[in-house]
Amino acid sequence: MELVCIVCPKGCRLKVENGVVSGNTCKKGEAFALAESTRPMRTVCTTVATVFPSMPVLPVRTAGEIPKDKIGELMKLADTILVKEKLRRGDTVAKGVAGTDVNLVATASIYTD
Amino acid sequence: MKKYGVIVIGGGPAGLAAAESAKKAGAEVVVIEREARLGGILKQCVHDGFGLIRFGEKLAGPEYAERYIDEVKALGIECRTLTFVTGIEKTQGGFVVHCVSRDGVVSFEGDSIVLATGCRERTAKQVLIQGTRPAGVFTAGTAQNFVNLMGKLPAKKCVILGSGDIGLIMARRLTLEGAEVEGVYEVKPEPSGLTRNIHQCLYDFDIPLHLSHTVTRVFGTDRLEAVEVAAVDGGMRPIKGTERIVECDALILSVGLIPENELAESLGVKINPFTKGPDCDQSYATSVDGIYSAGNALNVFDLVDYVSECAASAGANAARGDKDGKCVTLSRGAGLLSYVPHRICLDKPHDKVVVFFRSAKDMDRATLRITVDGREVFKKKFAFLRPPEMQRLEVDFSAFGLGADSELGISLEEN
């Protein structure tokens, strides 16, 4: 399998043959290629609604990677969230999303004038 | 009037990094920002991938910006938001920056200025799309503002023209939010965004990428109803008979970024024809003494980490305020699309000069060479280079025995 590494902007061209990775220039690239050839994982970034007019949506991301095939489930969950507290960057917005033990965290602090 | 050491214009990633380093270098600093919040375009870049170099972490845009905002606040740097610069006046001892703000007309006096005004997106008017003028034709950044700041979905089914990074990021973002992205059309035979974005934004979501294709017409009266797409030949001219109509309610343009330098030009700052930003030396000083340029206003970067690095250097140098001295022009040889700096000032430190460059075309195995009077003084090999992927290297120009009349050149050769 041939693929392009998405871990960093370098974009190394990787090859996986019988579980052996080549073309990578770092350990992270090797781990990415192995995961990609078994169960691809992604960090997902999106927004959730808030009650604050000065910031109608709050940017969030998964604190770690979740399986790629769970992205749809995560997006459905994000649609149901309404933030009512003045959350700060790094605060947990939802725990253990999409059947994983990964939390959804705020990537910005709620801004009010 | 209170006098500042450094006035930073723009409160985005470049302005914040410049302000932080100028303050740490001992200058009295003020940041002027036209929006209500600091952070610039990063506020709406909710995707991750920022900060890998600067922090060793994969952060979302707002997270990266807030780390700098926190630092700027901790240093007690004065930040004037909702303040718009209307003009800059050169005086005997420095500059006066005239602004409008909620308090009315205000002015700031300073010794040096860092222009951190960012860049603008090329619009539909600049790519000459024919047809009616319906609503629904947006730049990728506008669509990003709608979705990520306002929480509004501006399209049900869209076509993306151009394969710049923001367009690719928006293809994924709109898909995640439930819109249909019919395809991304790129007039050139190669994509113009980062390879990783082609993969993680398009291929992950089965969004087709049509290279050597463009949008030739738009249809619709009030709202966009359809676009016509066509294949193009080697000269980027549409090929007759390949036209196809795609029904859609939005056309999103990701067709390039241009450094914003209206203020720089008003001061007579020389603009480089290749970066479209100011000509600068290794301290990011422009052709006008006391005016520095940083971030995407200087040169459109692909990574915010490099924006911060360049701006931090510009801020510290602006605080020091070294006058321009003997300079050697770094002449553009073959193989390069653009690079900074454009000249080396011999009276300023030049032993650890950061050079950023882009190749003119895709190259497998290339060598970058720096020559003095035709003699090679530096070379570095690269496994592969693509124009969308900017390279960074450090060069010790003090080791080359440069004099004011030396001929200094930089070039790139495929081998």
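Every number in this text was worked out from the coordinates using simple rules, so none of it is lab data. Quantities reported herein were computed from a predicted structural model and do not represent experimental measurements. All Cβ positions, glycine included, derive from the backbone under ideal geometry; neighbour counts span all protein chains shown.
Overview of values
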| read-out | value |
| --- | --- |
| Distance (nanometres) between label positions extended 7 Å along Cα→Cβ at A:Glu17 and A:Glu2 | 1.3 nm |
| Whole-Å semi-axes of the stretch B:280-415's equivalent ellipsoid (Cα gyration tensor) | 24, 19, 11 |
| Extension gain (nm, one decimal) between B:Thr91 and B:Glu190, 0.36 nm per residue minus Cα-Cα | 30.8 nm |
| Residue-averaged 222 nm ellipticity for chain B, from DSSP H runs of 4+ at -39500 (n - 2.57), nearest 500 | -5000 deg cm²/dmol |
| Net charge, B:Asp289 excluded, C-beta distance under 10 Å - Lys, Arg +1, Asp, Glu -1 | 0 |
| Cα gyration tensor category, rounded, prolate or oblate, for the stretch B:125-246 with a/c compared to 1.5 | oblate |
| Helix-only CD estimate at 222 nm, as mean residue ellipticity for chain A, using -39500 (n - 2.57) per DSSP H run (n ≥ 4) | -6000 deg cm²/dmol |
| Normalised convex hull volume, chain B, alpha-carbon set, Å³ per residue | 151 Å³ |
| Built amide H within the under 5 Å cut-off of A:Leu87, gap 5+ | A:Ile110 |
| Distant-in-sequence amide H partners of B:Cys119 (H built 1.01 Å from N, under 5 Å) | B:Glu260 |
| Overall dimensions of the stretch A:45-106 as given by Cα atoms, namely Rg and Dmax in Å | 11.2, 34 |
| Chymotrypsin sites (Phe, Trp or Tyr not before Pro) restricted to DSSP loop in the stretch B:48-78 with at most 16 other C-beta within 10 Å | B:Phe55 |
| Eligible lysines near B:Lys348 by straight Cα distance, threshold 17 Å, same-chain separation 8 or greater | B:Lys323, B:Lys326 |
| Placed amide H near A:Val93: partners under 5 Å, 5+ positions off or other chain | A:Leu104, A:Val105, A:Ala106 |
| Within chain B, longest stretch free of exposed trypsin sites (Lys or Arg not before Pro) [DSSP loop, at most 10 other beta carbons within 10 Å] | B:103-239 |
| Computed over the stretch B:325-407: relative contact order in percent, which uses C-alpha pairs under 8 Å that are six or more apart | 34 percent |
| Restricting the stretch A:18-113 to GluC sites (Glu not before Pro) in coil, as DSSP defines it, with at most 11 other Cβ within 10 Å | A:Glu85 |
| Folded to 0 to 90 degrees: helix B:61-74 orientation relative to chain B principal axis, Cα | 30 degrees |
| Within-12-Å neighbourhood charge of B:Glu57 [Cβ basis; K, R +1; D, E -1] | +1 |
| Highest-first arrangement of A:4-10, B:409-415, B:205-211, where packing means the average Cβ count within 10 Å | A:4-10, B:409-415, B:205-211 |
| Residue with peak Gaussian network fluctuation, chain B [Cα springs, cutoff 10 Å], from B:Leu267, B:Leu38, B:Leu253 | B:Leu267 |
| Any cysteine of chain A lacking a neighbouring Cys Cβ under 4.7 Å - listed by number | A:Cys8, A:Cys26, A:Cys45 |
| Proximal charge balance of B:Ser406 [Cβ under 11 Å; K/R count +1, D/E count -1] | -1 |
| Stokes-Einstein D for the protein assembly as shown, Kirkwood Rh over Cα pairs, 25 °C, 0.890 mPa s (µm²/s) | 100 µm²/s |
| Calculated P(r) of the stretch B:22-143 - Cα pairs past 18 Å, % | 66 percent |
